[in-house]
Amino acid sequence: MKPLFTVHAGEYLVGSHIETHYKKWNIWVPAKDTGIDLLATNEENTKTVSFQIKYSKDWTPTGGPSLHNTKLLASGWWSLQEKKIKASKADFWIFVLPSFTEQSINFVLVPPAELLRRFYAIFGKSKRFDSYLRVTKSGRCWEERGLKISHQEMIAFDQFHWKTTALRCVTFGGVFPKETRSQNEIGFKNI
């Protein structure tokens, strides 16, 4: 039997989060897959922001050093195509990182052009990016792929400063956990 309608886990979690914490926003699921997973509108449906959503299970309890189990909030893994990021019509990509140890959901929002710029800074030009995003308990998000264990430990303890090392790691600053944020933080003001 083929289902008539399905929503992926990440899309459900983002939609549910928005409905719970942004009461004046409306959430829309497109009927056709065009690279936009969810739309959000203001209360009057006069301003719109679009999202591409990427979900990963939490790799913290099962992979990596045991330090990750106690110091990181969540860890995710994605394999992303450069051409899809370049061609994205979404205003924001949202990476959904559930934390099984903390029983919370974390969302990293980034415009696709900024995502690509950061990947180029970290990995150089590539057709594919294998990304290991890590969210610390202080709410910072780091791309951790290719880092030495000692540098991963520094990230976990919030002691890692990429500008003072020779590493190509760039922090993703926009982690938005459970608390309510203003509409300006995901783009309604600038539309």
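Could you tell me whether region 170-185 includes any residue that is in contact with a Phe, Trp or Tyr (Cβ under 6 Å, 6 or more places away or on another chain), closer than 30 Å to Asn42 by Cβ and modelled with pLDDT of 80 or more?
No, every residue in region 170-185 fails to be in contact with a Phe, Trp or Tyr (Cβ under 6 Å, 6 or more places away or on another chain), closer than 30 Å to Asn42 by Cβ and modelled with pLDDT of 80 or more.
Name, by its number, the condition in (1) of a type in the set (A, V, I, L, M, F, W, C); (2) more than 18 Å from Ser50 (Cα to Cα); (3) in contact (Cβ under 8 Å) with a residue 12 or more places away in the chain that does not hold for Val110.
(2)
For every residue, the table says whether it meets (1) in a helix (DSSP H, G or I); (2) among the charged types (D, E, K, R); (3) in contact with a helix residue (DSSP H, G or I) (Cβ under 9 Å, 6 or more places away or on another chain); (4) modelled with pLDDT under 90.
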site	(1), (2), (3), (4)
Val14	yes, no, no, no
Thr20	yes, no, no, yes
Lys23	no, yes, no, yes
Ile27	no, no, yes, no
Lys32	no, yes, no, yes
Glu44	no, yes, no, no
Gln52	no, no, yes, no
Thr60	no, no, yes, yes
Gly63	no, no, no, yes
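Among the residues of region 126-136, write down those that are touching an Asp or Glu at 6+ places or on another chain (Cβ under 8 Å) and either closer than 17 Å to Gly10 by Cβ or not small (Gly, Ala, Ser) (or both).
Lys127, Arg128, Phe129, Ser131, Tyr132, Leu133, Arg134, Thr136
Kindly indicate whether Thr48 is hydroxyl-bearing (Ser, Thr, Tyr) and modelled with pLDDT of 85 or more.
So Thr48 fits the description; yes.
The values are calculated or read from the model by the stated rules, or taken from the named source; none is laboratory data. Nothing here was measured: the structure is a model prediction, and the numbers come from that model. Virtual Cβ from ideal backbone geometry, glycine too; neighbours counted across all protein chains shown.
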